[in-house]
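Enquirer: Pasting in a structure now, in structure tokens, and then I'll have a few things to ask.
The values are calculated or read from the model by the stated rules, or taken from the named source; none is laboratory data. These figures come from a predicted structure and were not determined experimentally. Glycine also receives a Cβ, built like all others from the backbone with ideal geometry; neighbour counts cover every protein chain displayed.
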């Protein structure tokens, strides 16, 4: 089964797949998060964006090890934009996690020679 980018982020945020009220906002935030990953050297050189639930993670990247880091980094970025925690300590914790994921993604890209 293909893994829809939009659906997987919705489920990570606790939203049911069939609940489409926030899809356009989520798509915008997901595309912003994917832009950051592209700047880090992940995904197609020409960039990548989603427009619906039809785009899947394998369309963006086919390395399974790097892909899992990218999924989590995308979720964390979307969460901060779409549903930021009220507690500043939680926000700081998520930002630190993102910094570590970005660092790990950079290391993996350097070790494999880029995508």
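Enquirer: When residues of the stretch 60-85 are filtered for being in contact (Cβ under 8 Å) with a residue 12 or more places away in the chain, surrounded by fewer than 16 Cβ atoms within 10 Å (Cβ to Cβ) and assigned to a helix (DSSP H, G or I), how many remain?
Expert: Taking the stretch 60-85 as the starting set, the residues that turn out to be in contact (Cβ under 8 Å) with a residue 12 or more places away in the chain are 60-61, 63, 65-66, 69-83.
Narrowing the set further to residues that are surrounded by fewer than 16 Cβ atoms within 10 Å (Cβ to Cβ) leaves 63, 65, 72, 81, 83.
Add one more test, that the residue is assigned to a helix (DSSP H, G or I), and what stays is 65, 72, 81.
Total satisfying the criteria: 3.
Enquirer: Within the set of pairs 6 or more residues apart or between chains, which connect a residue that is in contact (Cβ under 8 Å) with a residue 24 or more places away in the chain inside the stretch 15-27 to a residue that is in a loop (DSSP other than H, G, I, E, B) and surrounded by 10 or more Cβ atoms within 10 Å (Cβ to Cβ) with Cβ atoms less than 6 Å apart?
Expert: 27/50
Enquirer: Yes or no: the stretch 35-43 includes at least one residue that is part of a loop (DSSP other than H, G, I, E, B), touching a helix residue (DSSP H, G or I) at 6+ places or on another chain (Cβ under 8 Å), at pLDDT below 95 and loosely packed, with under 13 Cβ neighbours inside 10 Å.
Expert: Scanning the stretch 35-43, I find no residue that is part of a loop (DSSP other than H, G, I, E, B), touching a helix residue (DSSP H, G or I) at 6+ places or on another chain (Cβ under 8 Å), at pLDDT below 95 and loosely packed, with under 13 Cβ neighbours inside 10 Å, so the answer is no.
Enquirer: Going by the structure shown, is residue 50 at pLDDT 95 or above and assigned to a loop (DSSP other than H, G, I, E, B)? Steps first, please.
Expert: Details: at pLDDT 95 or above: yes; assigned to a loop (DSSP other than H, G, I, E, B): yes.
Yes.
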